[in-house]
Amino acid sequence: MKKRLIITNSILVFISLILTLTFSSGIIYKQNYDTYSKEVENYLSLTISIFDGTNFDDTKNSITSADKNIRLTIIDTSGKVIVDTLNESIEENHLQRPELKNLREVYKRYSSTEHQTMMYIADLASSYYIRIAIPMGNIDSIMATYVSLSVIFLVIVETASVVLISFFIKKSLKPINLTVKELSSLAGKDYQNTDLEIDHLPNIMKDITEVLNQNINSIKQQQEEASSVMNLLNQGVVAINKDLEVVLLNKTAKKIFNEQDVLNRSYLFLIRDVPFQERIQQVIKNKINDNYILVLNKLTYECMINYVSNTWLSGGVVITLEDITQKEILEKTKKDFFQNASHELKSPLTSIIGYQQLITQGIVDDPEQINTYSLKTIKEANRMNDIIIDMLNLAELEQDYQTKKETFSLKKLILEIIDALERRIKEKNIVLELNLLDFDIKGDIKLLDELIRNLIDNAIKYNKEDGKISIILNKEKLIISDTGIGISKDNQKRVFERFYRVDKGRSKSVGGTGLGLAIVKHICEIYNYKIKMSSCLNEGTTIEIIF
């Protein structure tokens, strides 16, 4: 094992050094190549600036005086050499040379004339090709020196690395071998008769892995079972440890708090209600159980905060959250209903008792007054009767009302209702505008009669003297408009609530029960009709029933 590690590490060091040498050589070579390229380009630009197309000797002398190693060649457009600083007669045609084919491009090649590697560049000036060449002998000598020194350095470093690697591996393996012996005991197998070293580690780790996998699988199965049960609960469950970190959160709780990534983080990331935070802290501090009503996102939750003292969560709390929004709404609705109902029934009942006491106790003995009070008693009794009937009708609609299916003309039904209310219409001198399409509809005639009757009845009750009622009927909708007192925007939101009346004094004088529009709303819900209201105070109201 030790030998293998030494060889492997030595090879890695050698490869690293070779790669470093190769890379650095390439960089040095490229830097020198770029320097020569720039130099040859500069000499070409200088030559072109001197040459005017006739001063061949002056140009040659200027360049050779600058650097005697520079080779200048002036070639005419036919490829004949006119000037060459070699002072040799060159008969060869140069037009096929690559630097003349691709002007201003730098080329490197071996020159048989100079007997060395040269760098060439050419350009056209005053109808002549100007070519500059410089020797690259320095580059080759620099690279040769660099490679030689690098090889010597490589040998030294590699030798030193082998020695150092051997030393450090021997030192490092000593505690590892001790650890291997300790790990063998975790594997649950007897390795006492073996020379335990790092070579045995794979087998030991395999045995340990099997033991751990069995334990992990067992724990996972228990967690999955617990998680499945937790996520099936309708209540939210949150566990917070003694350090006030969230350590458990079921699916319902995530939905309630609209948080996902809060596990193992402070409970402040989950619970932002300050009084709730303080209540949790008090439970942990005083080791008690408590409850709290949390209102979050317009929903109400009853939170049971239970202190945990003798489990993995010792010193923490488990919080269960139950949505009691509907329960509270039902309780409030029930409370409001009984308050309103008792109030609405108490008023006519008080009046009846009062009138009858005046008569029976002889306080009123005038026959005309007795007759007046008797009529008022009957009126209040009828009003109380109307309230009770509307309450019973509303209760019936709320308890899965079984509708009847019958075919009838909706226009005919509307006309019958108008005929029944004709006396009241004439009393107020109300003008009726009717635009009724005659068609048959399937439904419960009793419910639709009640719906339409309530709407027309309200249009009459809350209309003005000499007012107007418009009724439009087609297959899509029923529209009933009046020119009455109208309803303010604030009150429009509540007119469909039970016993809600915009003007209680006026409603009492016209005999309203406060349940008519609530009944209309429930009938629309049964038939999945949409109901729309638009109203302007002192101008009138329009109600649309969309079929």
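Quick note: the coordinates plus some simple rules give every number you see, no bench work behind them. Just so you know, these numbers come straight off a predicted model, no measurement behind them. When we count neighbours, we look across all protein chains shown, and the Cβ atoms used for this are built from the backbone with ideal geometry, even at glycine.
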Item to check | VAL247 long-range amide H proximity, modeled H, under 5 Å | outcome: ALA239, ILE240, ASN241, ASN264
Item to check | Sequence-distant residues sharing a close amide H with ALA125 (under 5 Å, placed H) | outcome: ILE130
Checklist outcome for this item: The long-range amide H neighbours of ASP84, using H built 1.01 Å from N in the peptide plane and a cut-off of under 5 Å, are ILE74
Checklist entry - What net charge is computed for the residues neighbouring ILE469, neighbours being all others with C-beta under 15 Å from the C-beta of ILE469, Lys and Arg scored +1, Asp and Glu -1? => result -2
Item to check | Ordering of 74-80, 315-321 by packing [mean C-beta count within 10 Å, highest first] | outcome: 315-321, 74-80
Next on the checklist: What FRET efficiency comes out for THR542 versus THR350 if R0 is 41 angstrom and r is the Cβ-Cβ distance? Round to the nearest 0.05.
Outcome noted: 0.65
Checklist outcome for this item: If each part is reduced to its alpha-carbon centroid, the range 441-496 and the range 1-72 end up apart, in Å, by 99
